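Participant: Below are the C-alpha cells for one structure; questions will follow.
The values are calculated or read from the model by the stated rules, or taken from the named source; none is laboratory data. Treat the numbers as computed from the prediction; the structure is a model and nothing was measured. All Cβ positions, glycine included, derive from the backbone under ideal geometry; neighbour counts span all protein chains shown.
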C-alpha cells in the first residue's frame with residue numbers, strides 16, 4: 001500500500017509443501033530436505049493426517065493432478081492405497 | 001468474528017543488546033492488557049511492510065503486562081526487528097501453542113537443559129520458577145553455548161543459581177573463560193538427580209536432542225517424564241499452513257513442548 005492510500009501492489013509468492021524450503025527454519029535446519037520426505041509428507045498429510053484429525057481426506061478426487069502428471073502418478077490411487085494400508 | 005490473522009499493536013519499551021547477534025526486546029500491548037501467555041508459548045511478530053515470524057516469549061506471565069522476546073538477527077524479519085527502537089510498534093498475534101508443563105511439574109524436581117538460543121523460551125519458565133519457587137522441588141539448570149561471548153542473559157546467571165544448581169558450559173573457551181568446556185552432554189555425568197522425582201525438559205538446536213535424550217535415559221529418567229521443546233517454522237500459528245508439521249502434529253497447536261512419549265514414534269521429530 002502506497003502512502004497516498006490509493007495505489008498499491010498485490011504481491012503473492014508460491015508456497016507449497018513440495019518446495020525444498022517449506023520445512024526450513026531460520027537457523028538453517030531443514031526438517032524435510034529430500035524429495036522422498038516431502039512426497040511422503042504430502043500424501044500422508046492429505047490422505048492420513050487430515051483424515052485422522054477432521055474425518056475427511058484432503059483430496060476431493062477431481063483428477064486434475066492425474067491429468068497433468070507427466071510420470072502418470074494418480075493421486076487418487078495413492079490416497080486409496082494409503083487408506084487401505086493404514 | 002474472530003480474526004485469527006489480525007495482529008494486535010504492541011509498543012517496544014526497551015531494547016537491550018545481549019550478544020552480537022541477539023537483542024532483548026521489552027514490549028507491551030497497546031491496549032495495556034497482559035498477553036496472558038504460558039511459559040514456553042510463542043507469538044507471531046509482524047514488522048509492518050516486511051513480514052511476520054514466530055518468536056518465543058522469554059519472560060514469565062508472572063511479571064506483569066510487559067513481555068520480552070529474545071531475537072537473533074538471522075532472517076528478513078528478524079533483521080528488521082533489530083532495526084527497531086524503543087517507541088516503535090510491531091504487530092503481535094498470539095500467544096500460541098502449548099507451553100512448558102507448569103502444572104504437571106508441581107512438587108517435582110526439575111532438570112532443565114538449554115542449548116544456545118534454547119535459553120530464550122526456557123527463560124520464561126525459569127522466571128516462572130523463580131516467582132513460584134515453593135511449588136517446585138530441586139531445580140537443576142544446564143546451559144550450553146558455543147562461546148563465552150554467546151551466553152545469553154549473563155547477568156541473570158547468578159539469579160538462576162539462587163533457585164537451584166546451574167551448570168554452564170561452552171563448546172570453545174577463550175582466555176577469560178574459567179568454567180566447563182565441552183558440549184552440553186558432558187555436563188550430564190556430574191549432575192545428580194533423583195530420576196523418579198525429576199521432570200526433564202530440553203530446548204536447543206535440532207542436533208542436540210538425540211544426544212541429550214540419550215543422557216537423560218542414562219540417568220534413568222522415565223520416558224514419560226521427559227519433555228522436549230521442538231521449534232519449527234510456525235508460520236501461521238493456528239494449525240493451517242503446515243510449515244511446522246511433524247508428521248501429523250502441528251507444532252503451533254500441540255507443541256512446541258511435547259512429552260517425549262508423544263513424539264518418539266514420529267520419524268520427523270528428532
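Participant: Tell me, please, whether a residue that is in contact with a helix residue (DSSP H, G or I) (Cβ under 9 Å, 6 or more places away or on another chain), more than 14 Å from every other protein chain (Cβ to nearest Cβ) and without any contact (Cβ under 8 Å) to a residue 40 or more places away in the chain can be found in region B:202-212. Spell out how you get there, then give the answer.
Facilitator: We begin by selecting, within region B:202-212, every residue in contact with a helix residue (DSSP H, G or I) (Cβ under 9 Å, 6 or more places away or on another chain); these are B:202-205, B:208, B:211-212.
So of that shortlist, the ones also more than 14 Å from every other protein chain (Cβ to nearest Cβ) come out as B:202, B:211-212.
This time we only want the ones that are without any contact (Cβ under 8 Å) to a residue 40 or more places away in the chain, so: B:211.
Yes, because at least one residue in region B:202-212 is in contact with a helix residue (DSSP H, G or I) (Cβ under 9 Å, 6 or more places away or on another chain), more than 14 Å from every other protein chain (Cβ to nearest Cβ) and without any contact (Cβ under 8 Å) to a residue 40 or more places away in the chain.
Participant: Among the residues of region B:173-195, are any touching a residue at least 40 places away in the same chain (Cβ under 8 Å) and within 14 Å of chain A (Cβ to nearest Cβ)?
Facilitator: Applying the first criterion (touching a residue at least 40 places away in the same chain (Cβ under 8 Å)) to region B:173-195 yields B:184, B:187-188, B:191, B:193-194.
Remaining after also requiring within 14 Å of chain A (Cβ to nearest Cβ): none.
Checked region B:173-195: no residue is touching a residue at least 40 places away in the same chain (Cβ under 8 Å) and within 14 Å of chain A (Cβ to nearest Cβ).
Participant: Among the residues of region A:1-51, write down those that are more than 22 Å from residue B:209 (Cβ to Cβ), more than 9 Å from every other protein chain (Cβ to nearest Cβ) and surrounded by 15 or more Cβ atoms within 10 Å (Cβ to Cβ).
Facilitator: Once the filter is applied, which keeps residues that are more than 22 Å from residue B:209 (Cβ to Cβ), more than 9 Å from every other protein chain (Cβ to nearest Cβ) and surrounded by 15 or more Cβ atoms within 10 Å (Cβ to Cβ), region A:1-51 yields A:39, A:42, A:43, A:46, A:47, A:51.
Participant: List pairs: first residue in region B:243-269 and within 12 Å of another protein chain (Cβ to nearest Cβ), second residue part of a helix (DSSP H, G or I) anywhere in the structure, Cβ distance under 6 angstrom, at least six positions apart or on different chains.
Facilitator: B:244/B:251; B:244/B:252; B:248/A:49; B:269/B:263
Participant: Which fully enclosed strands (runs of 3 or more DSSP E) of region B:8-122 have 1 or more residues being away from chain A (no Cβ under 14 Å)? Walk me through it before giving the result.
Facilitator: On the way: elements: B:8-17, B:22-29, B:42-47, B:51-56, B:67-72, B:89-96, B:109-115.
Once the strands (runs of 3 or more DSSP E) in region B:8-122 are filtered for at least 1 residues that are away from chain A (no Cβ under 14 Å), what remains is B:8-17, B:22-29, B:42-47, B:67-72, B:89-96, B:109-115.
Participant: Just checking, does region B:235-244 include any residue being crowded, with 22+ Cβ neighbours inside 10 Å, in contact with a strand residue (DSSP E or B) (Cβ under 7 Å, 6 or more places away or on another chain) and not assigned by TED's automatic domain parsing to the domain that holds residue B:52?
Facilitator: The answer is yes; a qualifying residue exists.
Participant: Which residues, taken from region B:187-234, are assigned to a loop (DSSP other than H, G, I, E, B) and in contact with a strand residue (DSSP E or B) (Cβ under 8 Å, 6 or more places away or on another chain)?
Facilitator: Filtering region B:187-234 down to residues assigned to a loop (DSSP other than H, G, I, E, B) leaves B:191-197, B:204-207, B:220-222, B:230-234.
Across region B:187-234, the qualifying residues are B:191, B:193, B:194, B:197, B:204, B:205, B:221, B:230, B:231, B:232, B:233, B:234.
Participant: Identify the single condition in (1) touching a residue at least 24 places away in the same chain (Cβ under 8 Å); (2) surrounded by fewer than 16 Cβ atoms within 10 Å (Cβ to Cβ) that residue B:155 does not satisfy, given that it satisfies every other one.
Facilitator: Exception for residue B:155: condition (1).
Participant: Can you tell me which residue is nearest to the chain's Cα centre (by Cα) among those in region B:117-138 that are under 26 Å from residue B:181 (Cβ atoms) and crowded, with 22+ Cβ neighbours inside 10 Å? Lay out the reasoning, then the answer.
Facilitator: Step one: list which residues in region B:117-138 are under 26 Å from residue B:181 (Cβ atoms), which gives B:117-123, B:126, B:138.
From the residues that got through so far, the ones that are crowded, with 22+ Cβ neighbours inside 10 Å too are B:117-123, B:126.
Working: B:117: 8, B:118: 5, B:119: 5, B:120: 4, B:121: 1, B:122: 4, B:123: 6, B:126: 10 Å.
Among those residues, the one meeting the criterion is B:121.
Participant: Does residue B:111 meet the test of being under 25 Å from residue B:25 (Cβ atoms) and modelled with pLDDT of 85 or more? Before the answer, list the steps.
Facilitator: On the way: under 25 Å from residue B:25 (Cβ atoms): no; modelled with pLDDT of 85 or more: yes.
Judged against the criteria, residue B:111 is not a match.
Participant: What number of residues in region B:39-50 are in contact with a helix residue (DSSP H, G or I) (Cβ under 7 Å, 6 or more places away or on another chain) and at pLDDT 90 or above?
Facilitator: Applying the first criterion (in contact with a helix residue (DSSP H, G or I) (Cβ under 7 Å, 6 or more places away or on another chain)) to region B:39-50 yields B:39-40, B:45, B:47, B:50.
Now narrow it down to the ones that are at pLDDT 90 or above: B:39-40, B:45, B:47.
Total satisfying the criteria: 4.
Participant: Any idea which of (1) assigned to a helix (DSSP H, G or I); (2) closer than 26 Å to residue B:21 by Cα is the one residue B:162 doesn't satisfy?
Facilitator: Going through (1) assigned to a helix (DSSP H, G or I); (2) closer than 26 Å to residue B:21 by Cα one by one, residue B:162 breaks only (2).
Participant: Is it the case that some residue within region A:71-78 is more than 12 Å from every other protein chain (Cβ to nearest Cβ), under 14 Å from the mean Cα position of the chain (by Cα) and under 25 Å from residue B:270 (Cα atoms)?
Facilitator: The answer is no, given that none of the residues of region A:71-78 is more than 12 Å from every other protein chain (Cβ to nearest Cβ), under 14 Å from the mean Cα position of the chain (by Cα) and under 25 Å from residue B:270 (Cα atoms).
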